[in-house]
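Down below is the structure, laid out as C-alpha cells.
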Amino acid sequence: MQLSRLESRAYEKLKENKLFVFGIRDLCLLFDVDKTKAYNIVKAMKKKQLIRNVGKGKLAFRDADDLVVASALNWPSYVSFWSALSYYGLSDQMPRKIYSATTKYSKQIRNFKYVTLSRKRFFGYTKIGDIVIAEKEKAFADSLLFPKYAGGIREIEKSLKNSLENLDTEKLIKYSFRIESKAVIRRLGFLLEKLKHNGGKLERLRGKIGKGYELLDPGLKKKNNLNKRWLLDINA
C-alpha cells in the first residue's frame, strides 16, 4: 500500500498526537491546509482503508479499538456498565453496543451508547492504556443505577458473583453511597446478602435504604414480591 508523502505524514502525525478520533478541522489545524486539501487526504486514506467513519462527522483509524474510540467520540465520557464488566472478564457476555457514562448528552452514535450522569456521579474511572474506563467497583455502581445498560439485574448478579473475591467491596459501598441513590444501595445490599457476603457491611447499607419500595430490576414489571429487609420488589 503506497502512501503519498502528505498521507504518510498525516497518518504518523495523528498517531503521534494520539488523535484516535478526528475530523476535517483537526487536519486543517494540524497541517495548515484548507478544507479541500483535508478532504482529499481523508478520501485517499479511506480508499486505502487506513481510516473509517465512526459517526458524528468523525473518523478513526481502521484498527482503533472501539473502547478507545468511545471516549474520544463524546468527551467527557468513560466506558462503563456492561461493556466495562465484559472488559474486566466479569461478564461472559459481549454486548454489541459500547456503553459509556457521560455528562454531555449524546444520542446513540452507531454502536456507541452514552448514558448521561449528573456531574456528582461522574467519578471512579481510570485509564488503561488508551481506554478510559470505570474502575470495577464503579462499573457495578453505575450498573446498579441503570441495570438495563448492564444486561439486567440477573447479569449484574452473575458478574458480581464472578468478582467478589477480587473486588474491593469497601470501595464499592463507598461509591454506592456517593452516587446518592437509595435504589443502588438496596440492590447492592440485596445481592451481597444473596451471595452470602460480609454481614457487617450489609448493616451499613441497611442504614441508608430510606423508606418506600423500589423495583429490583426497573426494566421488568413489578410483581409485588416485597422484601421488607431491603424494601425491594423482587421482580427478577
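The values are calculated or read from the model by the stated rules, or taken from the named source; none is laboratory data. All figures in this text were calculated on a predicted structure; none of them were measured in a lab. Here the Cβ is made from the backbone with ideal geometry for all residues, glycine too, and neighbour counts use every protein chain on show.
Taking the stated definitions as given, is residue 90 assigned to a helix (DSSP H, G or I) and either touching a strand residue (DSSP E or B) at 6+ places or on another chain (Cβ under 8 Å) or in contact (Cβ under 8 Å) with a residue 12 or more places away in the chain (or both)?
In short, no.
Restricting the stretch 94-120 to residues that are in contact (Cβ under 8 Å) with a residue 40 or more places away in the chain and out of contact with any Phe, Trp or Tyr (no Cβ under 7 Å at 6 or more places or on another chain), which is surrounded by the fewest Cβ atoms within 10 Å (Cβ to Cβ)?
120
Among the residues in the stretch 143-151, are any surrounded by fewer than 20 Cβ atoms within 10 Å (Cβ to Cβ) and assigned by TED's automatic domain parsing to the domain that holds residue 220?
Yes, that holds for at least one residue.
When the residues of the stretch 12-30 are narrowed to those that are assigned to a helix (DSSP H, G or I) and not aliphatic (A, V, I, L, M), which ends up farthest from the chain's Cα centre (by Cα)?
Among those that are assigned to a helix (DSSP H, G or I) and not aliphatic (A, V, I, L, M), it is 28.
Among 54, 42, 68, 33, which is touching an Asp or Glu at 6+ places or on another chain (Cβ under 8 Å) and either free of Cβ contacts under 8 Å to residues at least 24 places away in the same chain or not in a loop (DSSP other than H, G, I, E, B) (or both)?
Just a single option satisfies the conditions, and that option is 68.
Examine the stretch 211-233 for a residue that is within 18 Å of the chain's Cα centre (by Cα) and in contact (Cβ under 8 Å) with a residue 40 or more places away in the chain, and state whether such a residue exists.
Within the stretch 211-233 (the criterion being within 18 Å of the chain's Cα centre (by Cα) and in contact (Cβ under 8 Å) with a residue 40 or more places away in the chain), the answer is no, since none of the residues qualifies.
Do we find a residue being under 26 Å from residue 177 (Cα atoms), in contact with a strand residue (DSSP E or B) (Cβ under 7 Å, 6 or more places away or on another chain) and either among the hydroxyl-bearing types (Ser, Thr, Tyr) or crowded, with 20+ Cβ neighbours inside 10 Å (or both) anywhere in the stretch 48-64?
No, every residue in the stretch 48-64 fails to be under 26 Å from residue 177 (Cα atoms), in contact with a strand residue (DSSP E or B) (Cβ under 7 Å, 6 or more places away or on another chain) and either among the hydroxyl-bearing types (Ser, Thr, Tyr) or crowded, with 20+ Cβ neighbours inside 10 Å (or both).
Report, by residue number, each residue of the stretch 156-208 that is of a type in the set (A, V, I, L, M, F, W, C) and in contact with a strand residue (DSSP E or B) (Cβ under 9 Å, 6 or more places away or on another chain).
Once the filter is applied, which keeps residues that are of a type in the set (A, V, I, L, M, F, W, C) and in contact with a strand residue (DSSP E or B) (Cβ under 9 Å, 6 or more places away or on another chain), the stretch 156-208 yields 183, 190.
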